[in-house]
Amino acid sequence: MFKKLFLGTTEINFYKLGNTFLKVFIVEMTIFIAVIGLSLSGYRDLNLSVDFTGGTTYQLSTDYSSDDISDVMNNTILKVSRYQTFENSNSIIFRAVESTQDKETELLNYLSYKFDVPTENIEFQRVGPTFGAEITSKGLRALFIFLAIIVALISFRYELKFAIIALVALFHDLLLSYTVYELLGLEITPSTIIALLTILGYSLYDTVILFDKLKDSQKIYKRNNLNSDILNKTFNEVLMRSINTSLTSAFPIISILFLGNYLGIDGSLSDFAVPLLIGILSGTYSSIFVTVPFLSKIIKTN
């Protein structure tokens, strides 16, 4: 089986499996909608970083251990979202979410006691959100323009229905990433947003490559319309290519995550790598298992 998969000679009936894939897609969308509903109702909240919500920073110079940092990160006074250390320096910065003045003062006193540093020697500062409503609105506007251009280009190169299928696969990947972050409570930072934008390109790339292969197959078999035989033949040929593309892209990211954890590197490295890994795996999955059920509905059978 693996040899056939590697050579692209498998005989999976993707057209027949289209209805099964469609049922899985409907279940996925139901879960996504339920998670979004929980978020909108306030039952669950996204774990936004201080870059979006604003907060407080506490900077001090002291001797510390990894256990000390762990104690601060897990304190019950005020949620500390992240910390930053500096090479060849004993300075450390803790960033906490925005709260009442009493809670912020209580955390300040806790850090003073924990590290035996006078409160006046701890640099305390309130910071506003760096990603405000204006930046968000501009980003969304740019996203909609980008999607409109993509729809136009795919429609020109193939057909409008292919562009719609590509958008469905794209939104599937974004909703899956959102759901994972929501359910696991992972922190969303500016690096996360950058990674999600990267996912857009990867998801579309993998899907359009498959569309292009379908068009080439139509030319080879001299068919004007896509049919079940071409669908099955093409997807069996490109299945291993999609898997290989995913694996070769995912392994370096996994290595970055493991290397970062081993070296104690935290922050933007993992903030970027985690959503990128989720997006690559999801993009590979959607390019086949999300596009197939919709393609199977529009083709003409023999």
Subject >> Volume in Å³ per residue [convex hull over Cα atoms, computed for region 58-156] >> reply: 158
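Compute the normalised compactness of the chain: alpha-carbon radius of gyration over 2.2 N^0.38 Å, N being the residue count.
Cα Rg divided by the expected 2.2 N^0.38 Å: 1.26.
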Original post:
Which angle from 0 to 90°, rounded to the nearest 10, does the C-alpha axis of helix 190-220 make with the longest principal axis of the chain?
Top reply: 10
Original post:
Out of residues 5 or more away from Ser81 or on other chains, whose amide H comes under 5 Å of its own, with H placed 1.01 Å from N in the peptide plane?
Top reply: Arg95, Ala96, Val97
**OP:** Give a residue-ordered list of calculated ³J(HN,Hα) values for region 231-246 (Karplus: 6.51 cos²θ - 1.76 cosθ + 1.60, θ = phi - 60°; whole Hz; x for Gly, Pro).
**Re:** 4, 5, 4, 5, 5, 5, 6, 9, 4, 5, 4, 5, 5, 4, 4, 5
Subject >> Structure-based [θ]222 nm, the chain - -39500 (n - 2.57) summed over DSSP H runs of at least 4, per residue, nearest 500 >> reply: -23500 deg cm²/dmol
Subject >> Inter-centroid distance (Cα atoms) of region 46-89 relative to region 179-229, Å >> reply: 37
Original post:
Lys16 to Thr53: FRET efficiency via 1/(1 + (r/R0)^6), r the Cβ-Cβ distance, R0 45 Å, to the nearest 0.05?
Top reply: 0.35
Original post:
Over 28 Å between Cα atoms, which of Lys161/Lys233; Lys16/Lys219; Lys23/Lys233; Lys23/Lys213; Lys79/Lys138 qualify?
Top reply: Lys79/Lys138
Original post:
When the Karplus curve 6.51 cos²θ - 1.76 cosθ + 1.60 is applied with θ = phi - 60°, which whole-Hz ³J(HN,Hα) does each residue of region 105-115 get, with x for Gly and Pro?
Top reply: 5, 5, 5, 4, 5, 5, 5, 4, 6, 4, 9
Original post:
How much length is gained if the chain between Phe171 and Asn90 is pulled fully straight, taking 0.36 nm per residue apart and subtracting their Cα-Cα distance, in nm to one decimal?
Top reply: 24.7 nm
**OP:** Quick one: which residues, 5+ away or cross-chain, put their amide H under 5 Å from the amide H of Asn47? H built at 1.01 Å from N.
**Re:** Ile188
**OP:** For the chain, build the charge dipole from Cβ charges (+1 Lys, Arg; -1 Asp, Glu) around the Cα centre, then report which of Ala34, Phe211, Ile230 sits farthest towards its positive end.
**Re:** Ile230
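Only the coordinates and a few stated rules stand behind these numbers; no lab work does. Model, not experiment: these values are computed from the prediction. Please note: Cβ atoms are built from the backbone with ideal geometry, for glycine as well, and neighbour counts cover all protein chains shown.
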